Amino acid sequence: MEQVYISDIGKYVGEEVTIKGWLYNIRSSGKLRFLEIRDGSGIIQGVVSKKDVSEELWTRFETLTQESSIIVQGRTREHPKRPGVFELDIINLQIVAVAEPYPITPKEHGIEFLMSNRHLWLRSRRTHAILRVRAQVIRAVRDFFDSNGFLLLDTPILTPAACEGTTTLFEVDYFGDAKAYLAQSGQLYNEATAAAFGRVYTFGPTFRAEKSKTRRHLTEFWMVEPEIAYMDLDGLMELSENFICYILRRVLENCRAELEILERDSTSLEKIEPPFPRISYDEAARMLDDAHKSGALENPFEYGSDLGSPDETYISSQFDRPVMVHRYPAKVKAFYMEPDPQDSTKALCVDMLAPEGCGEIIGGGQRATSYDLLLQRIEEHNLPREAFDWYLDLRRYGTFPHSGFGMGIERCVGWICGLEHVREAIPFPRMLYHLKP
Ligand code: 4AD
Ligand code: MG
């Protein structure tokens with residue numbers, strides 16, 4: 001009998017098939033046993049009836065424990081009352097290994113416990129749904145860029161300099177005589193590849209030594225970063241909204257079942273289409289000021305500072321789709337930002353804030369083109385000039401207007417799945433005090 005994956009079972013209705021997997025759950029009801037069998041592609045209910053099998057086979061079921069590895073043979077049929085749902089009448093059972101008492105039972109467990117058992121927690125229905133959405137988001141990201149003229153060019157993880165400020169750098173000893181840092185972003189290299197190839201993107205793990213515990217921060221996360229030669233801030237905002245809408249459409253098309261398992265009300269996602277609202281930092285500051293005066297926001301917003309989590313949450317709660325906040329004060333942003341020609345204290349940058357309190361999912365902007373200005377910024381930020389000579393070269397040899405952004409995959413998945421915390425959006429999350437498994 002041929003091995004069949006549960007996800008394909010609909011093609012084998014009425015046939016005898018073999019499923020290789022694990023026992024997710026078992027319950028008995030008189031002379032019937034109901035097994036939930038999972039094989040990684042899905043879960044199917046198998047039924048065995050005492051009258052249909054030998055005494056020996058019937059007693060074999062008694063030794064089964066949760067997560068025992070098993071090979072099951074049976075005949076498939078469609079559920080009598082639920083079309084599209086399939087069941088298996090079990091004919092034979094081979095036990096590959098009986099599992100020891102499994103720590104994650106169907107009852108509720110605390111998050112600390114689940115996190116320390118992440119290697120097992122991955123097998124649960126909920127984790128499955130989330131990580132399948134993640135895979136779909138990543139596929140959509142690649143398809144979007146690959147089919148729009150972008151070239152994938154991977155950027156290094158071991159780097160000689162900071163991109164996003166020196167406070168969140170992971171330092172690595174690089175053969176004793178030099179220090180290396182784990183990349184916070186591929187952007188600086190993207191700028192070089194954009195000068196070579198025009199429209200580029202990089203996609204890989206990025207690292208931030210975030211010393212605070214929040215529901216939005218990981219120390220290792222996956223970021224996709226496009227960079228586009230001759231694009232300005234307006235063009236970038238248009239690209240980002242089209243990008244997000246493309247991802248949403250793909251998830252809504254392909255992950256209905258997963259969103260259902262997560263009990264994610266997808267109507268708020270279905271409504272989202274371009275254009276997304278665009279508000280300046282100054283407008284956002286006024287909104288926050290009014291919100292504080294009316295009591296909707298606890299702490300007053302200090303004009304000139306970066307938006308805090310509660311500020312982002314408030315702003316995004318005012319819109320039914322992601323909102324783009326542009327032109328922040330240059331001094332709260334990274335060194336590479338192009339100043340706004342209308343007001344040089346502001347940067348030509350944009351943060352996209354997702355609805356439902358998810359906060360920033362995209363950060364980006366137009367890059368400084370002037371050699372002298374960049375040099376000055378590098379000094380103001382106390383960055384080591386020698387580490388940036390190659391980056392400055394890009395302004396010496398045919399400097400060009402260009403823009404790009406970065407989107408954190410986990411933030412995006414967290415928003416789409418309606419998660420409380422980004423730790424569930426990656427197979428093995430890395431956070432402050434959390435490195436195992
Ligand atoms: O806003 P950030 O820091 O921007 C950059 O790194 C730019 N160099 C990107 C670029 O323009 N090429 O980070 C971009 C995005 C954020 O909007 C957020 O989605 C995600 O990366 N992100 C994190 N996600 C999880 N944990 C963290 N600690 C994150 N820090 C940033
Ligand atoms: Mg940011």
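Worth pointing out:
- When each of Leu419, Leu373, Leu348 is scored by the number of other beta-carbon atoms lying within 10 Å, the sequence from fewest to most is Leu373, Leu419, Leu348.
- Under 5 Å, built H, 5+ apart or other chain: amide partners of Ser280: His326
- What the phi angles of segment 313-319 give under the Karplus curve with 6.51, -1.76 and 1.60, with θ = phi - 60°, is a coupling list of 4, 5, 4, 5, 5, 7, 10 Hz, glycine and proline written as x.
- For Thr155, residues with placed amide H under 5 Å, excluding near neighbours: Phe203
- Per-residue ³J(HN,Hα) for segment 270-281, Karplus 6.51 cos²θ - 1.76 cosθ + 1.60, θ = phi - 60°, Hz, x for Gly and Pro: 5, 6, 6, 8, x, x, 7, x, 10, 10, 7, 3
- Across segment 208-213, computed HN-Hα scalar couplings (Karplus, 6.51 cos²θ - 1.76 cosθ + 1.60, θ = phi - 60°) run 9, 7, 6, 8, 10, 9 Hz from first to last residue, x flagging Gly and Pro.
- Pairwise FRET efficiency - Glu238 versus Tyr397, Cβ, R0 = 35 Å, nearest 0.05: 0.75
- Counting charges near Asp177 (Lys, Arg +1; Asp, Glu -1) among other residues having Cβ under 15 Å from its Cβ returns a value of -2.
- Residues whose amide H falls under 5 Å from that of Ile362, counting only those 5 or more places apart or on a different chain, are Met352, with hydrogens built in the peptide plane.
- Going by neighbour counts of Cβ atoms within 10 Å, the residues Tyr5, Tyr433, Tyr246 line up, fewest first, as Tyr433, Tyr5, Tyr246.
- Taking the Cα centre of the chain as reference, the dipole from Cβ charges on Lys and Arg (+1) and Asp and Glu (-1) amounts to some 1420 debye.
- Loop-located trypsin sites (Lys or Arg not before Pro) across segment 198-302 with a Cβ neighbour count of 12 or fewer within 10 Å are Lys211, Lys213, Lys271, with loop assigned by DSSP.
- The modelled label-to-label distance for the pair Ile157/Lys213, using points 7 Å beyond Cα in the direction of Cβ, is 2.6 nm.
- Prolate/oblate/rounded call for the chain, Cα gyration tensor, a/c under 1.5 rounded: prolate
- Separation of the Thr166 and Ser28 label points, Cα + 7 Å toward Cβ, nm: 6.8
- DSSP bridge analysis restricted to the chain gives an antiparallel fraction near 90%, rounded to the nearest 5.
- Exposure proxy for Tyr397, Tyr24, Tyr102, Tyr181: other Cβ atoms within 10 Å of each Cβ, ordered fewest to most, give Tyr397, Tyr102, Tyr24, Tyr181.
- Unsatisfied cross-links (Cα-Cα over 30 Å) in the set Lys81/Lys271; Lys271/Lys331; Lys333/Lys436; Lys20/Lys50; Lys213/Lys331; Lys11/Lys107: Lys81/Lys271; Lys271/Lys331; Lys333/Lys436; Lys11/Lys107
- Site pair Gln376 and His292 shows an inter-label distance of 3.0 nm when each label is modelled 7 Å from Cα along Cα→Cβ.
- Once the chain from Trp390 to Asp343 is taken as fully extended at 0.36 nm per residue, the excess over their C-alpha distance is 14.0 nm.
Quick note: the coordinates plus some simple rules give every number you see, no bench work behind them. No experiment lies behind these values; they were computed from the predicted model shown. Counting neighbours? That spans all protein chains shown, and the Cβs are built from the backbone with ideal geometry, glycine included.
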